Number of protein chains: 2
Amino acid sequence: MTRLFVAPGWSTLVLAIGIAGCAPAAAPPAAPAPGAAPTARAVLEPSPAALRTAERVQLTGTELGTMWTFENPPLDYWRERYDFTASPEWLEHVRLASVRYGQICSASFVSSTGLVMTNHHCARQCVEAVSTATEDYLVRGFYAASRGEEKLCPELYLDQLVEIEDVTARVQAAVPAGASATAATTAIDAEAERIEGECSASTGLQCQVVSLFHGGQYRLYRYRRYAPVKLVFAPELQAGFFGGDPDNFTYPRYTLDVAFVRAYQADGSTAASTPQYFSWSPAGAREGDLVFITGNPGSTSRQITVAQALYEKEYRHPFTIDFLRAQRDFLFWLASFSPEAERQVRDQLFSVENSLKAYSGQNAGLQDSLLMGQKIRWEREFQQRVDADPQLRAEYGDVWDRMEEIETEKLRIAPRVNINNPDFIGEPEVTLAAELIRYIQAVSRPEAERPERYRGEQLAAVEQLLRSQTPANPEVSARLLAIRLDLARRWLPADDPFLRLAFQPNETPEVAAERLISTTQVGNPAYRATLMQAGDAALRSAADPLLRLVRQMLETYSRLEPRREELNAEEAVQNERLARALFAVYGTELPPDATFTLRISDGVVAGYPYNGTVAPPKTTFYGLFGRAADFDDRMPWTLPESFDRRRGALDLSEPLNFVSTNDITGGNSGSPLIDREARVVGIAFDGNIEQLPNEFLFRTETGGRTVAVHSVGIMEALRNIYRATALVNELMQGGGPR
Amino acid sequence: MTRLFVAPGWSTLVLAIGIAGCAPAAAPPAAPAPGAAPTARAVLEPSPAALRTAERVQLTGTELGTMWTFENPPLDYWRERYDFTASPEWLEHVRLASVRYGQICSASFVSSTGLVMTNHHCARQCVEAVSTATEDYLVRGFYAASRGEEKLCPELYLDQLVEIEDVTARVQAAVPAGASATAATTAIDAEAERIEGECSASTGLQCQVVSLFHGGQYRLYRYRRYAPVKLVFAPELQAGFFGGDPDNFTYPRYTLDVAFVRAYQADGSTAASTPQYFSWSPAGAREGDLVFITGNPGSTSRQITVAQALYEKEYRHPFTIDFLRAQRDFLFWLASFSPEAERQVRDQLFSVENSLKAYSGQNAGLQDSLLMGQKIRWEREFQQRVDADPQLRAEYGDVWDRMEEIETEKLRIAPRVNINNPDFIGEPEVTLAAELIRYIQAVSRPEAERPERYRGEQLAAVEQLLRSQTPANPEVSARLLAIRLDLARRWLPADDPFLRLAFQPNETPEVAAERLISTTQVGNPAYRATLMQAGDAALRSAADPLLRLVRQMLETYSRLEPRREELNAEEAVQNERLARALFAVYGTELPPDATFTLRISDGVVAGYPYNGTVAPPKTTFYGLFGRAADFDDRMPWTLPESFDRRRGALDLSEPLNFVSTNDITGGNSGSPLIDREARVVGIAFDGNIEQLPNEFLFRTETGGRTVAVHSVGIMEALRNIYRATALVNELMQGGGPR
């Protein structure tokens, strides 16, 4: 997991897509293939291949994964499967030694004096913040040999989960009988906020109401917050991010993705006292060993119904992938102008590449009839158990049909909502045109009936904006608009009004976009001023083709967007019903979907079939030197300078990275891997490419693995490359001076 | 390519499948899915996805590959693409420096005194042959520091292609006008044999008539044969076959798959004089460099029509894969009895695993709608060019329809021919029953009307066999029969007579096979003797269930097998017509499908997208040490003892293996890779897993690559691991004493 594939944030770009992608909209979901378009309903029927697979597939019992909550650890399962008994003391110790790292990652205490281990890619923000014009610690790495040299990570805090309370009854009681879907959602949110407020006021802790199983259960989590936090050690970027973007989400891997920070007492001068910490395993884990991961997985979609999965498969994933590819091409184009332009878009480009890999990997799971067959089989068993109990049947029997109706409608309107949303792509002329149209339509009504934005002082601000010069590069605008037009051509039915207004006969999206941008007068303040004077009737007869298109877009969008919101609220209600049914049938047997809260996952160290052969359970330092040599030391596989310098001091056959069957996802970055004795054997930093489909169903037999740095490799590097003696001693002795 | 994936031999087991698999037979090709079985015709329609892809796909011009013949090298293409001009002298030199290694591999002269380079896996047979009870050269490697120490490779010879003559007109003229398909095939074979005989008699050379383009063109190839051949150098198996079966067909790779032999003059005491040899490139090839491969690719199927490809997809490949899986399970079961049993089946098991990988990799290509779309598009263009010319249209316009009719019928009868063939699996009781039935049916007719086997002395031998004790292990027999029954259940329609006779209600194949084997009396000589006396009528009323089943099998088989042979002859005729059309449209532009004769392929050194990241253009010695360490030195990744011992003397960053876009297949093993100056830069030993679908259509953009040992790595190993000074000197100086 790179720094950007962390929950719940993703990157800003991906957020933009996320919001757009989550939204529903319109029309046949596949490319408008020659011949009759399939109906949305037909598309939501599982394929014959998936149904045949469902007949044969055996369920494993861990379809929903192994991200267990600390309130319901699967003690019997662990005992039977691994002959491992987790005592209440063991569980409490493990919970308190684990922390959430800011809003993005996971971490753990590794000494009694506040030392915390996380990933280099999690600490990167801090490394950049403490760097100066003369000292770039990202490039050369950072090590504080004494407390005095440790440097403050601005705004960073660590949250330790100290208490859990079941507040399900109170939250559910807050929903008035007969409330609409939207009202129910609002009532739940309000009650959760009240509970959090009361809790913070009475305890001084950080309080969070967590909705488990998508609403079936509610818990109040109380956290002790540690701040300030200071940087102790980070290797140079070339070691911590060896292999860069290409090797991201892959294995075999050779990356020293680890860093250490320290929690301080509030005064910032004394290290925090952290008696609950993980001690270090000098031998680490070997193939076949049981290992646990504690951390904060961001989100998963394993409880979704087959109809919801088919919506993901038929629309949201392929649409998002189309959009990301277009973004990538656009950024490449921008980067081609100059080295400075390249530098400016580099981070965005990386973020898009990262999302593209993640979405494509998940999409491969949706396309896999084995995965889909297993999902169908699982749902069928669940449904049969509901149907077998008259009371459950009466209460929940219709939930799958209701969900299918919702998804069918979403599938029909989703592309239209997105493509007609004027703010979806960000073409300046489209945004301006939408602003202008909204203004004219608003002021044609009495002030009391207008949205707030079009009254009094706010109205004056809008008017000023519309009258001022707004510089835009027409080439950039045309490129951006072409993205929208290309998506429209792929995702809207041939007779959609958008297509009729956007395209002239035989135009490609590029040609149409250039024509629309070069002919519009929307960028001209005088033209806008004239229209603002002339009013709504004149607007409706204006000939400007882009303006006409945006008017049509706004008409469609304002009609469909409220329906999309209703459907989302209705889906939340069905999700909650589904969750209650799940709980009624399976009790606490199953782990809820991930919620960026503390979980514990079990697994074993194991290689897997890959590339026609076998991926080893671990890699060694030999491999890092080898991959650098394979590429003649080119970026991103350039040998880290410190590795090169200290080559002679290293035992190249020592393990560097390893893989296990534990269940993780974005947000788990920085999670410790611990053994039966709760000793650190490694730190998780990624999942392999085979693990991405686990978003929808957890499987280990298809090669999905957690990728971790090995505790032996960390120690080898700290000792023989970085000669970080004080840090090594603190890790081995479990503490240092405060 | 391991030693078994070499053309044209494959292994004996695979041969068995090959014959069976090539044969046509009966019924719906997919598993008898619930609901109506699709018709064969419907199955031979390309899928909508493939058709949609065909609309979009751009052809590359090298769909038929780059295995060029020396009589038609693509001089213009090379000049345009690589700015490389191949002079007639260059081509003659390269042709004469290349040799075919026995019946299995390729090789090249690398000194003027008969030194020949090939793969370790090609020379393995010789290494085993020269080993003794006390000296196992397979395990410890072999090196002859002087001529006197070189050891004779029994029966080995090397063939050098010295002359090529076009005999198309003579061969085609031998087919009488209006000949049936079978008669045409026979006439062509007879004429080719005559030409070869005349040639050998007049020149003393090895002569071979080669059918190019599946019969469109015929060439007489004259070879100078070199024998005897002696072993000069072979690394230990653990270096030459590092990574073993799992790493077979994969890359990144770390294998020193190279060996050297020497051609001698006929007397065996003086080295052959070979002035045409490849000199050694001390620097080897780098990323982006143009490299050529000369060698003898065994066979490819790129000229087959879409209908033929769909037959492969719908029946031959999946059926063969089902059968190979069953064989593998059976061999595992045998191996589980004792270490001795394991040793006995080890080679067979390896051969089956190897075939399974090859067939599965090829099948992935058949399942790939992009590949199939490209094939459809290619065929459509070809067909349009035929249709555009009235004369070509009249002559060849119907060939695709004719082929589709043939494939449709093959698809219908192929599974039935195979499953009803009594000799298909080799269950002793089934073989005996068939022998018994055939005997009784034969002797019920007058002697003159019987097949030859049932007359005079031969008849007595059959009778003796049928009367004698034939020991069989019933458990083994039942396991074998269960394989047949399982295939029958998967591949025959539910109402097939075979299924009605083989299964009782609700029986699994295992249960039915056990019942049939345990109840049959066919193994009892007395029972057989009784039936032999009683004759055909008694046989027909015999109640023995296995006997009744085999009687039905023979009835079906003898009815359908002749039709299968007719269809094959008819397919050969259509193949020949198709080839003539190809030649008429494209002339000599296109390379013919592989024929285990000398070809030259161009390509460049290049990595490729793999495993979510990038495979490097080369690997280094670091990687070999790394992969051994990754697996804790376990087999088949145990570090070769000599590498371990000489680790300190090695530069681990030197290249060991590398990949290029050249076009190779089984039979190319041992082919040299040469640069523009015809210097050795490496030796080919495998294709990666992505390259297997190239059987049906050549692509490089999907990551298919040739895997080779790097000339620098060979030199590094010879110098610093094996200290083979005399060999190193001969390679660098281009010769040694005779």
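In the protein assembly as shown, a dipole from Cβ-located charges (positive for Lys and Arg, negative for Asp and Glu) runs towards its positive end, and of A:PRO451, B:ALA50, A:ILE689 it is A:ILE689 whose Cα lies farthest in that direction. Backbone amide hydrogens, once placed in the peptide plane, bring B:ASP686 within less than 5 Å of B:VAL707, excluding anything fewer than 5 places away on its chain.
Relative to the other identical copies, B:PRO451 shows label-point distances of 8.7 nm, where the label point lies 7 Å from Cα along the Cβ direction and values run shortest first. The magnitude of the dipole of the range B:309-396, with charges of +1 and -1 set on the Cβ of Lys/Arg and Asp/Glu and taken from the Cα centre, is near 120 debye.
Annotation: peptides B:59-68, B:468-477, ranked by per-residue average of other Cβ atoms within 10 Å with the highest first, follow the order B:59-68, B:468-477. In the structure shown, the pairs B:LYS313/B:LYS375; A:LYS375/A:LYS410; B:LYS313/B:LYS618 are assessed against 23 Å; a Cα-Cα span above that value is assigned to B:LYS313/B:LYS618. Note on B:GLU507 and B:ARG328: the model spin-label points, each 7 Å out from Cα along the C-beta direction, lie 2.8 nm apart. Take A:ALA190, push a point 7 Å out from Cα through the beta-carbon direction, and compare it with the same point in every other copy: 10.0 nm, smallest first. Using the rule -39500 (n - 2.57) for each DSSP H run of four or more residues, divided by the residues of chain A, the 222 nm mean residue ellipticity is -15000 deg cm²/dmol.
Just the number please: accessible area per residue for the range B:595-738, 1.4 Å probe, all protein chains included, in Å². Don't jump to the answer; show the numbers that get you there.
On the way: 3760 Å² over 144 residues.
Result: 26 Å² per residue.
First compute the accessible area of the range B:382-482 with a 1.4 Å probe, then give the percent of it belonging to carbon and sulfur atoms. If you can, show how the numbers build up before the last one.
Details: 2250 of 5010 Å².
Ligands and nucleic acids excluded, carbon and sulfur reach 45 percent.
Beta bridges assigned by DSSP with both partners in chain B are antiparallel in approximately 95 percent of cases. Run the numbers on the range B:579-613: which residues show a drop of 30 Å² or more in accessible area, chain on its own versus all protein chains together, using a 1.4 Å probe over heavy atoms? By number: B:TYR610, B:ASN611, B:GLY612, B:THR613.
For the range B:423-475, the Cβ-based charge dipole about the Cα centre amounts to some 240 debye (Lys, Arg positive; Asp, Glu negative; other atoms uncharged).
With a 1.4 Å probe and all protein chains left in place, how much of the accessible area of the range A:509-621 comes from carbon and sulfur atoms, in whole percent? Spell out each step's value before the answer.
On the way: 2140 of 4070 Å².
Within the range A:509-621, the accessible surface is 53 percent carbon and sulfur.
Taking GluC sites (Glu not before Pro) across the range B:487-579, none is in a DSSP loop with at most 12 further Cβ atoms lying within 10 angstrom of its Cβ.
Averaged over the residues of A:243-252, the number of partner chain Cβ atoms lying within 10 Å of the residue Cβ comes to 3. Note on B:ALA283 and B:ASN729: with the Förster distance fixed at 25 Å, the Cβ-Cβ geometry gives a FRET efficiency of about 0.85. Ordering B:LEU331, B:PHE350, B:ASN296 by the projection of their Cα atoms onto the charge dipole of the range B:284-365, which places +1 on the Cβ of Lys and Arg and -1 on the Cβ of Asp and Glu, puts B:ASN296 at the extreme positive end.
At a probe of 1.4 Å, how much accessible area disappears from chains B and A on forming the pair, both sides counted, to the nearest 100 Å²? Working shown, then result.
On the way: alone 29860 and 29890 Å², together 57060 Å².
Chains B and A together bury roughly 2700 Å² of accessible area.
Quick one: grab the alpha carbon gyration tensor of the range B:614-738, order the square roots of its eigenvalues as a ≥ b ≥ c, and give me rounded if a/c is under 1.5, else prolate or oblate depending on whether a/b is larger than b/c. Here the range B:614-738 falls in the oblate category.
Computed in the context of the full set of protein chains, the accessible area of the range A:101-224 at 1.4 Å probe radius has 51% of its extent on carbon or sulfur. For the protein assembly as shown, the fraction of alpha-carbon pairs lying more than 58 Å apart is 30 percent, rounded to a whole number.
Leaving out ligands and nucleic acids, and using a 1.4 Å probe, what accessible area per residue does the range B:155-260 come to in Å²? Write out the running numbers ahead of the final one.
Working: 3820 Å² over 106 residues.
Here the per-residue accessible area is 36 Å².
In summary, the lysines within cross-link reach of A:LYS230, defined as a Cα separation below 21 angstrom excluding same-chain residues under 8 places away, comprise A:LYS151. For B:ALA472 and A:GLU193, the FRET efficiency from 1/(1 + (r/R0)^6), where r spans their Cβ atoms and R0 equals 56 Å, is about 0.10. With the simple model of a label 7 Å out from the Cα in the direction of the Cβ, A:GLU128 to A:GLU452 spans 3.4 nm. For the range B:257-329, the spread of Cα coordinates along the three principal axes comes to 53, 40, 28 Å, biggest extent given first. Relative to the Cα centre, the charge distribution of chain A, modelled as +1 at Lys and Arg Cβ and -1 at Asp and Glu Cβ, gives a dipole magnitude of about 600 debye.
Accessible surface computed residue by residue for the range B:523-594, with neighbouring protein chains in place and a 1.4 Å probe, gives 41 Å² per residue.
For an R0 of 22 angstrom, estimate the FRET efficiency from the Cβ-Cβ distance between A:GLU163 and A:GLU381 and round to the nearest 0.05. E(calc), rounded to 0.05, equals 0.05. Judged by the gyration tensor of its Cα atoms, with axes a ≥ b ≥ c, the range A:229-295 is oblate; a/c meets the 1.5 cut and b/c is at least as large as a/b.
Projecting 7 Å from Cα along the Cα-to-Cβ direction, the label point of B:GLU92 sits 9.3 nm from its equivalents in the other copies, listed shortest first. Counting, for every residue in A:629-640, the Cβ atoms of other protein chains within 10 Å of its Cβ and taking the mean gives 4.
Is the shape of the range B:181-272 rounded, prolate or oblate, going by the alpha carbon gyration tensor and its root eigenvalues a ≥ b ≥ c, with a/c under 1.5 for rounded and a/b larger than b/c for prolate?
Values: a/c = 4.24, a/b = 1.51, b/c = 2.82.
Oblate, because a/c is 1.5 or more while a/b does not exceed b/c.
The values are calculated or read from the model by the stated rules, or taken from the named source; none is laboratory data. Keep in mind the model is a prediction, meaning the values are calculated, not measured. Every residue, glycine among them, receives a Cβ derived from its backbone with ideal geometry; neighbour counts consider all protein chains shown. The area values use the complete protein model at the heavy-atom level, side chains included, leaving out ligands, DNA and RNA. Shrake-Rupley method; radii C 1.70, N 1.55, O 1.52, S 1.80 Å.
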